[in-house]
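Engineer: Please read through the structure below; I'll follow up with questions.
The values are calculated or read from the model by the stated rules, or taken from the named source; none is laboratory data. In this text, all values refer to a predicted model and were calculated from it rather than measured experimentally. Cβ atoms come from the backbone with ideal geometry, glycine included; neighbour counts cover every protein chain shown. The accessibility values were calculated without ligands, DNA or RNA, using every heavy atom of the protein model including side chains. Shrake-Rupley method; radii C 1.70, N 1.55, O 1.52, S 1.80 Å.
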Amino acid sequence: MRSLFFKIFLWFWLGIAVLSAMLVISAAWLRSRSTDQVRWRQRNELTVHLRAQRESGLLDRQGAQSVASDLGTLEQSDSTRDYIFEEGEREVLGQTIPPQIRSILPMFAESSQNGPQLFADGRIGGENVVGPSGRGYTFIVYFPARSAVPRSLLRFLFEDVGSEGVLRLLGVLVAAGFFCYWLARHITRPIDKLRSAARQIADEHLDVRVDPEVLEREDELADLGRDFDRMANRINSLVTAQRQLLIDVSHEFRSPLARLNIALGLARHEANPETFEHLDRIELETNRLNELIGQLLTLARANSGTDLQRKKVFDLGTLVQEVAADSNYEARSRNCTVKFNPGFECMVEGAPEMVRGAVENVVRNAVRHTAEGTEVEIALQCFDDTAKSCAVIHVRDHGPGVPNHELRRIFHPFHRVMDGARPENDGTGLGLAIAERTFQLYGGTVRASNSPEGGLVVTLELPAFDVARTSVD
Ligand SMILES: Nc1ncnc2c1ncn2[C@@H]1O[C@H](COP(=O)(O)OP(=O)(O)OP(=O)(O)O)[C@@H](O)[C@H]1O
Ligand SMILES: [Mg+2]
């Protein structure tokens, strides 16, 4: 069970349930013990009273012998010891008097109370009684210790806890259920909100902040929310500064590079044949630098989102067809072909030249990495679901693919896979980063996977523009 909500709910609820069950059961047990005690005392009092009446009558009418034999039978059945006194301390049956009984005898002599009395926690009972002859006796019974009546758990639950106790317990459990639900929600709701904000920031929505509802609480979770917002602000400003620096540096490089190109042209006029080779090298490197700056500026544009304003609706099928045709031309130099079978319209929304650049980067990679004499396959699908309508492009090559642990990293700027399985790479490592940012800008995604038959499959997805839905809106 991973959910914190259920952990909090269940542990608190179970804790309350066990505690209240223990309370109800122990209260019922104590109640039943005291009821047993009261009943035992009442029974002893009744025994003393009945026996005193009966034996005093027997004594007066038939004498001590009959009383002794009658008491003998009674004592055998209930394990009591009975004493009968006349004129203070004279025991009528001639029995030895235990000190405990002797010590309470004076109390009876002084007592003016009628009826049975109990001493020593109910274990000794006695009564002053007057026989039919008019003679007064003190009758004392010594009872055995009270033994608890063993009872089955089920009987105890039915008789002592009873329906009232069970109802009370159920009431507490229902109330505890509501309370624990509220408590678990109170603790986990802000955590869910923090988690959702963290996830959005991880997806590069750097302007997302914690829900104000979390910040209004006056507890540690609100502090955590405030700290989270501070961190998000800091990350946002650092990333913005880094992107701005990239744009500024790229712009600053543009003018000296342009001047370098002019100087190169002039130098060529005055150069002699020996220096041509060096000038060619300078031109090549200048062109590479120019291209790198151009890509950096494209990445900065995709990151900044300025192209969002320039978006329009266009047919992705036509765009992919053009890219495939251009790339096919390039691929011929490696004896490869780029295959794409269009045939239907698939309208999407975005800045066409940016989307075109993104698709081109992916197809160019495929052409560059596919094995000689193989085919690069491009497929376009347009889904029009009620839940989600989207356009999906698959670009598949027959090259070495990318190690699984690098599949995410190839989308990081300047990341290139370096291993012996692939040719020397003179790219800048920006193509896929630009493709991913561009598609993200228009609500899409780009991901890579290795095909089980070998080669890399890059999947580009964009929300399809739903003409029907838009016109209804
Ligand atoms: N189809 C592919 N097959 C194998 N590896 C690929 C493929 N596409 C990309 N890669 C790997 O991913 C890395 C990053 O690709 P990316 O397009 O971002 O940069 P690049 O091609 O090296 O340079 P450029 O900026 O010129 O595109 C590449 O260097 C290459 O190692
Ligand atoms: Mg590339």
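Engineer: Hey, got the dipole for the stretch 306-472? About the Cα centre, +1 on K and R Cβ, -1 on D and E Cβ, debye to the nearest 20?
Structural biologist: 340
Engineer: In nm, to one decimal, how far is the modelled label at E345 from the one at D426, with both set 7 Å along Cα→Cβ?
Structural biologist: Taking the simple label geometry, E345 and D426 are separated by 4.3 nm.
Engineer: Okay, moving on. State, to one decimal in nm, how far the label point of R230 lies from the label point of E453, with both points 7 Å from Cα in the Cβ direction.
Structural biologist: The two pseudo-label positions are separated by 5.7 nm.
Engineer: Hey, another quick one. Please state the charge dipole magnitude for the stretch 1-202, taken about the Cα centre, from unit charges on C-beta atoms (+1 on K and R, -1 on D and E), reported in debye and rounded to the nearest 20.
Structural biologist: The dipole of the stretch 1-202 has a size of about 2080 debye.
Engineer: If I fit a long axis through the Cα atoms of helix 220-270 and take the longest principal axis of the Cα atoms of the chain, what angle between them do I get, 0 to 90°, rounded to 10?
Structural biologist: On a 0 to 90 degree scale, this one is about 10.
Engineer: Among V363, Q76, V320, which residue has its Cα positioned farthest towards the positive end of the charge dipole of the chain, with +1 placed on the Cβ of Lys and Arg, -1 on the Cβ of Asp and Glu, and the dipole taken about the Cα centre?
Structural biologist: Going by the Cα projections, it comes out as Q76.
Engineer: Only residues of the stretch 212-253 count here: report those whose backbone N is under 15 Å from the spot 7 Å along Cα→Cβ of L292, or say none.
Structural biologist: Counting backbone N atoms under 15 Å from the label point, the list is 246-247, 249-253.
Engineer: Can you work out the accessible area per residue across the chain, with the rest of the protein chains kept in place, probe 1.4 Å, in square angstrom?
Structural biologist: Details: 28210 Å² over 473 residues.
Per-residue accessible area for the chain comes out at 60 Å².
Engineer: OK, next. What does the helix-only formula give at 222 nm for the chain: each DSSP H stretch with n ≥ 4 adding -39500 (n - 2.57), the total divided by the residues, and the result rounded to the nearest 500 deg cm²/dmol? Numbers along the way, then the final one.
Structural biologist: Working: 11 runs with 265 residues, N = 473.
After summing the helix terms and dividing by the residues of the chain, the value is -20000 deg cm²/dmol.
Engineer: Also, I was wondering about something else. Multiplying the sequence separation of A145 and S255 by 0.36 nm and subtracting their Cα-Cα distance, what value in nm do you get? Don't jump to the answer; show the numbers that get you there.
Structural biologist: Numbers: separation 110, 0.36 × 110 = 39.60 nm, distance 11.19 nm.
28.4 nm is the gain from fully extending A145 to S255.
Engineer: Right, another one. Of the options S389, A331, P400, report the single residue whose Cα projects farthest towards the positive end of the charge dipole of the stretch 321-428 (beta-carbon charges: Lys, Arg +1; Asp, Glu -1).
Structural biologist: My answer, from the dipole projection, is P400.
Engineer: Student exercise: in the chain, how many lysine pairs 8 or more apart or on different chains have Cα atoms under 26 Å apart?
Structural biologist: On the way: K7/K193; K193/K388; K311/K388; K312/K388.
Pairs that pass both the separation and distance tests number 4.
Engineer: Tell me the relative contact order for the chain as a rounded percent, counting alpha carbon contacts under 8 Å between residues six or more apart. Please list the in-between numbers first.
Structural biologist: Details: 587 pairs, mean separation 48.5, N = 473.
The normalised contact order for the chain reaches 10 percent.
Engineer: Moving on. What three numbers, in Å, describe the spread of the alpha carbons of the chain along their principal axes, ordered from the longest?
Structural biologist: Extents along the principal axes: 161, 54, 44 Å.
Engineer: Suppose R0 equals 51 Å. What FRET efficiency, 1/(1 + (r/R0)^6) with r the Cβ-Cβ distance, do V239 and V174 give to the nearest 0.05? Before the final figure, lay out the partial values.
Structural biologist: Values: r = 51 Å, r/R0 = 1.00.
Once rounded, the FRET efficiency stands at 0.50.
Engineer: Counting pairs of alpha carbon atoms under 8 Å apart in space and at least six apart in sequence, what relative contact order in percent does the stretch 1-202 give? Display every interim value, and only then the final one.
Structural biologist: Details: 185 pairs, mean separation 62.8, N = 202.
Rounded, it is 31 percent for the stretch 1-202.
Engineer: Same structure again: Less than 16 Å from a label point 7 Å out along the Cα-to-Cβ axis of W11: which backbone N atoms in the stretch 184-219 qualify, by residue?
Structural biologist: 184-189
Engineer: On to the next question. Taking all protein chains together and a probe of 1.4 Å, list I97, I140 from the most accessible to the least accessible. It would help to have the intermediate numbers written out before the result.
Structural biologist: Numbers: I97 25, I140 0 Å².
From most exposed to least exposed: I97, I140.
Engineer: In the chain, what cysteines have no partner Cβ closer than 4.7 Å?
Structural biologist: C180, C336, C390
Engineer: Further, regarding this structure: Where nothing but the Cβ of Lys and Arg (+1) and of Asp and Glu (-1) is charged, how large is the charge dipole of the stretch 376-425 around its Cα centre, in debye to the nearest 20? Before the final figure, lay out each step's value.
Structural biologist: Details: 6 positive and 7 negative charges, 40 e Å.
Around 180 debye, computed over the stretch 376-425.
Engineer: Can you work out the FRET efficiency for the pair Q440 and A27, with r the C-beta to C-beta distance and R0 = 56 Å, to the nearest 0.05? Present the calculation step by step, with values, prior to reporting the outcome.
Structural biologist: On the way: r = 65 Å, r/R0 = 1.16.
Plugging the Cβ-Cβ distance into 1/(1 + (r/R0)^6) gives 0.30.
Engineer: What does the accessible area of M418 come to, in Å² to the nearest 10, when a probe of 1.4 Å is used?
Structural biologist: 130
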